[in-house]
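S.K.: Structure below; questions to follow.
The values are calculated or read from the model by the stated rules, or taken from the named source; none is laboratory data. Predicted model only: the values in this text are computed from it and were never measured. Here the Cβ positions follow ideal geometry from the backbone for every residue, glycine too, while neighbour counts run over all protein chains shown.
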Amino acid sequence: MLTAALIASLAMCQPAAHMPSARQPAIPLATADSSLQAMFDRGTTFAAFVETATARRDGWLRLQREAVVEASLLQRARAVGGTWQLLVIARDGCGDSMHSVPYAARLADSVSGLSLRIVSPTEGQAAANTHRTADGRMATPTFILLDAGGNDVGCVVELPEPLRAWTNRSRGAVSNDSLHTYRSTFYTTDRGGSISRELVEVLEAARAGTPRCDRQVPR
């Protein structure tokens, strides 16, 4: 049964009020950005992030233990080869972060050449500002893929694709409570499958030289 706390946590993924939310143009991908590389280098590991988490701590610890990525997706990710860095902007009080980041971390732990670091929305504000949702918001989690040279070669912003598509269709047509309830149910049944698949697809696209950035809009 969904608890009020779980549903409420999914409403805690917006940036602080002082962060501007004007619509931004699409970012240019496959460009070197030393600030992103430096941000990644300053980031924390998933294990360290969970160790210091205070909000939603039980959920983070549970998913740290239980997150599994499908073997077929691991095989695809390993086949990409090369060296890649996944910069994640997340915070412990965000339910969307809690339900996606552990699977990204499991993917990184399972694929040689793929590493992951996490920064807070404050530390990652500059990156969040250039990787907004399609409706102009900075949001968590934001996943930014960098290649070995620090080039920005792909992203996933806020929600996995099936949930982005449903939210895009339904926002304004259903209540906020219904939105959050649906998201809670989605995460419970999806078990990280969608975000894992999408991150692998972003990795494959980067390797093919066709980087993509998936924002909150149906593809």
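S.K.: Checking the condition over 19 Å from VAL202 (Cα atoms) and under 17 Å from the mean Cα position of the chain (by Cα), which residue from VAL101, VAL69, VAL119, VAL88 passes?
M.R.: Criteria check complete, one pass: VAL119.
S.K.: Hey, among LEU146, LEU159, which residue is crowded, with 16+ Cβ neighbours inside 10 Å and not in a loop (DSSP other than H, G, I, E, B)?
M.R.: Step by step, each of LEU146, LEU159 is checked, and only LEU146 is crowded, with 16+ Cβ neighbours inside 10 Å and not in a loop (DSSP other than H, G, I, E, B).
S.K.: Is it the case that ALA127 is on the phi < 0 side of the Ramachandran plot, at pLDDT 95 or above and in a helix (DSSP H, G or I)?
M.R.: For ALA127, the condition - on the phi < 0 side of the Ramachandran plot, at pLDDT 95 or above and in a helix (DSSP H, G or I) - is met.
S.K.: Okay, moving on. Would you confirm, using the coordinates I've provided, whether THR188 is over 15 Å from the mean Cα position of the chain (by Cα), of a type in the set (Val, Ile, Thr) and modelled with pLDDT of 95 or more?
M.R.: yes
S.K.: Then there is this: In segment 157-171, which residue that is over 10 Å from SER194 (Cβ atoms) and of a type in the set (A, V, I, L, M, F, W, C) is modelled with the highest pLDDT?
M.R.: Going through the qualifying residues, I end up with VAL157.
S.K.: Right, something else. For segment 191-213: of the residues being without any contact (Cβ under 8 Å) to a residue 60 or more places away in the chain and surrounded by 17 or more Cβ atoms within 10 Å (Cβ to Cβ), which is farthest from CYS13 (Cα to Cα)?
M.R.: ALA205
S.K.: Please work out if ARG91 is surrounded by 15 or more Cβ atoms within 10 Å (Cβ to Cβ), under 17 Å from GLY193 (Cα atoms) and basic (Lys, Arg).
M.R.: For ARG91, the condition - surrounded by 15 or more Cβ atoms within 10 Å (Cβ to Cβ), under 17 Å from GLY193 (Cα atoms) and basic (Lys, Arg) - is not met.
Matching residues to (1) among the aromatic types (Phe, Trp, Tyr); (2) not in a helix (DSSP H, G or I):
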position	(1), (2)
ASP58	no, no
ARG76	no, no
LEU87	no, yes
TYR103	yes, no
LEU107	no, no
CYS155	no, yes
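S.K.: Given the residues ARG42, ARG57, ARG76, which is the only one that is without any contact (Cβ under 8 Å) to a residue 60 or more places away in the chain and over 14 Å from the mean Cα position of the chain (by Cα)?
M.R.: When all the criteria are applied, what remains is ARG57.
S.K.: Being under 23 Å from ASP177 (Cα atoms), crowded, with 17+ Cβ neighbours inside 10 Å and at pLDDT 50 or above is the filter here; which residues of segment 9-58 pass it?
M.R.: Within segment 9-58, LEU10, CYS13, PRO15, ARG56 qualify.
Rundown of residues vs (1) buried (at least 21 other Cβ atoms within 10 Å of the Cβ); (2) without any contact (Cβ under 8 Å) to a residue 60 or more places away in the chain, yes/no style:
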| position | (1), (2) |
| --- | --- |
| MET98 | yes, no |
| VAL101 | yes, yes |
| SER110 | no, yes |
| VAL119 | yes, no |
| GLU123 | no, no |
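S.K.: What do you reckon, is ALA165 aliphatic (A, V, I, L, M), assigned to a helix (DSSP H, G or I) and either more than 16 Å from the chain's Cα centre (by Cα) or farther than 29 Å from ALA71 by Cβ (or both)?
M.R.: No; evaluated as a whole, the condition is false for this residue.
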